[in-house]
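Asks: Dumping the structure here so I can ask a few things about it.
The values are calculated or read from the model by the stated rules, or taken from the named source; none is laboratory data. The structure presented is a predicted model; accordingly, all values stated were derived computationally and were not measured. In this analysis, Cβ positions are derived from the backbone assuming ideal geometry, glycine residues included, and neighbour counts consider all displayed protein chains. Protein only, heavy atoms only, side chains kept; ligands, DNA and RNA dropped before computing areas. Shrake-Rupley method; radii C 1.70, N 1.55, O 1.52, S 1.80 Å.
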Amino acid sequence: MSQAIVIFGATGDLSLRMLYPSLYFLDADGLLPEGLRIVGAARSAVSAGDFVARVREAVCERAGEHCSDEAWARFEKRLGYVTADASRPESFQALENELAGSSQTIFYLSTSPDLYAAICGELKARGLTGGARVVVEKPLGRDLASCRRINDALASAFEEAAIFRIDHYLGKETVQNLLALRFANAFFEPLWNHVSIEQVQITVAETVGLEGRHSYYDHYGALRDMVQNHVLQLLCLVAMEPPASLDADSVRNEKVKVLRSLRPIADLKSQTVRGQYARGVAEGHAVPGYAEEAEDASSETETFVALAAHIDNWRWAGVPFYLRTGKRMAVRRTEIVIQFREVPHSIFGGSDLAANRLTIRLQPEEDISLLLMNKTPSLEQGGMQLKPVALSLSLADAFGRKARRRIAYERLLLAVLNNDPTLFVRRDEAEAAWLFVDAIEDGWSRQGLSPLPYPAGSWGPSAGFALTERNGHSWYE
Ligand code: BG6
């Protein structure tokens, strides 16, 4: 008797670009359980041989120099394919047969959420859900109501403890490191509050545009696509109270408290900015605007969002959390900036003192730097000269440049196999995040706040700068 992973939507983009390569890498590193079968399931009636050839192509493309014939030969033996169409329940018979010898199954639903109810219903009817786990991807709905419907569909076949909701940001190395930084070092925690911290900035900037995902993206926009999940998850990890332990519920209880303490944004005109990229130059190339790419001149979908959020609790009273994300921005960068307050009194005469700043960069490189005031080496004449200097920790330098950077899904798939839900989003978290986002979406549409244009390759509409300047702050770029 053995374990099996069934990937629904096996011929889709996510499966081929992320899931199969991640499983391949885990296997190559000896991290997959002996005998684990990986069964692809999709509507297309392709032969198992053709499917495996497609997987090989995708894996080799991703693995590049790390692709090895030996590792592939081992991995290939695990692969299988069945045709399963949620609109034809009888087509699940092949899957049932395939799982006959399996003692424990993980169902990865890499399909449109519209199919979850039908898939879960059929799996349950065939008695395949007992002791099984299910993994789902974002988008977990388009608003709170649709998220609840998805959660109900999952709950009709699986216990909450067996439901793994993926937010791939939680699988990133530096996101994990945020927990280590905060809770494995004594000196940050006493300062981690409104007394010492002036503001927090979270930026997730991408240089890519639509990447052919028009039909999905135009229905969601940046607030739903990025803020509801990735950006708010980063915010939770920065702002949460120290959990009692690293177990799943201790961590998730603290995260959900942060989401529930988010103050609903009352003044959307001054505290939020929506933008949509227009023509411009991105990564050295002239690129079309969003509406042109989407072939819809009247599209009201935002590709940029900036928010000034507040967390109403003792720790964070009065500290603005500036959140921003956008496509076709000037550079690709994901980072969290913790801006500390200035020293209360300077004894250094004319020198301008810069307040300490901690920058945690997730992408493109992973590094952490702390801006400190330092004396400029010189003979003091007319007072000590000071200069801000960054104390930098590059993770690549500290832990080896040659190490392959892992795909976030590797960590997440391994956690599902190990039945550890710490890195996954609990139902109440997903729903609390939608509550915050829904109020913004509703306000935008009630007040007719259309996205402001910004040139591709810039840092978004100028209103994005005004958002921080209003409080005497500015974005760190
Ligand atoms: C996805 C969004 O969840 O995250 C995409 O749907 C976005 O629009 C992507 O491009 C960004 O992920 P990463 O890991 O490249 O920062």
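Asks: Set the Förster radius R0 to 51 Å, insert the Cβ-Cβ distance between Asp312 and Ala286 as r into 1/(1 + (r/R0)^6), and round the FRET efficiency to 0.05.
Replies: The formula returns an efficiency of 0.65 here.
Asks: Quick one: net charge of Pro33's neighbours, Cβ under 14 Å, K/R +1, D/E -1? Let's see the in-between values first.
Replies: Details: positive: Arg37, Arg74, Lys77, Arg78, Arg133; negative: Asp27, Asp29, Glu34.
It works out to a net charge of +2.
Asks: At 1.4 Å probe size, with every protein chain present, just tell me what the per residue accessible area of the range 157-239 comes to in Å².
Replies: On the way: 2610 Å² over 83 residues.
For the range 157-239, the per-residue accessible area is 31 Å².
Asks: Another question, if that's okay. Per residue, what accessible area does the range 300-395 have, given a 1.4 Å probe and all protein chains present, in Å²?
Replies: Values: 4660 Å² over 96 residues.
In whole numbers, the range 300-395 has 49 Å² accessible per residue.
Asks: Additional query: Obtain the nm distance between the two label points defined at Asp296 and Asn185 by a simple spin-label model: each point lies 7 Å from its Cα along the Cα-to-C-beta direction.
Replies: Label-label distance for Asp296 and Asn185, simple model: 4.4 nm.
Asks: While we're here: Compare the peptides 195-207, 29-41 by average per-residue count of other Cβ atoms within 10 angstrom and give them in order, highest first.
Replies: Numbers: 195-207: 19.8, 29-41: 17.9.
Top to bottom by mean Cβ count within 10 Å: 195-207, 29-41.
Asks: Same structure again: Of the heavy-atom accessible surface of the chain (probe 1.4 angstrom), what whole percent is carbon and sulfur?
Replies: Numbers: 10880 of 21090 Å².
In the chain, the share of accessible area belonging to carbon and sulfur is 52 percent.
Asks: What do you get when you divide the Cα radius of gyration of the chain by 2.2 N^0.38 Å, with N the number of residues? Could you put the intermediate results ahead of the total?
Replies: On the way: Rg = 24.1 Å, N = 477, 2.2 N^0.38 = 22.9 Å.
The value comes to 1.05.
Asks: Tally Lys and Arg at +1 and Asp and Glu at -1 over the other residues with C-beta under 15 Å from the C-beta of Trp316: what net charge comes out? Don't jump to the answer; show the numbers that get you there.
Replies: Details: positive: Arg182, Lys255, Lys257, Arg260, Arg263, Arg315, Arg341; negative: Glu189, Glu198, Glu241, Glu254, Asp312.
Local net charge: +2.
Asks: About the Cα centre of the chain, how large is the charge dipole given +1 on each Lys and Arg Cβ and -1 on each Asp and Glu Cβ? Please answer in debye to the nearest 20. Don't skip to the end; give the middle numbers.
Replies: Details: 51 positive and 61 negative charges, 101 e Å.
In debye, rounded to 20, the chain gives about 480.
Asks: Specify the inter-centroid distance of the range 182-241 and the range 107-156, based on alpha-carbon positions, in whole Å.
Replies: Rounded to whole Å, the Cα centres lie 26 Å apart.
Asks: Relative contact order for the range 1-105: what is it in percent, counting Cα pairs under 8 Å that are at least 6 residues apart? Please list the in-between numbers first.
Replies: On the way: 135 pairs, mean separation 40.9, N = 105.
This gives 39 percent for the range 1-105.
Asks: While we're on this one: Determine the order of His310, His219, His345 by accessible area, beginning with the largest, at a probe radius of 1.4 Å.
Replies: On the way: His310 35, His219 95, His345 140 Å².
Result of the area sort, largest leading: His345, His219, His310.
Asks: Here's a follow-up. Taking only DSSP H segments of four or more residues, each worth -39500 (n - 2.57), what value at 222 nm results for the chain once the sum is divided by all its residues, to the nearest 500 deg cm²/dmol? The partial results should precede the final answer.
Replies: Values: 16 runs with 153 residues, N = 477.
Per the formula, -9500 deg cm²/dmol.
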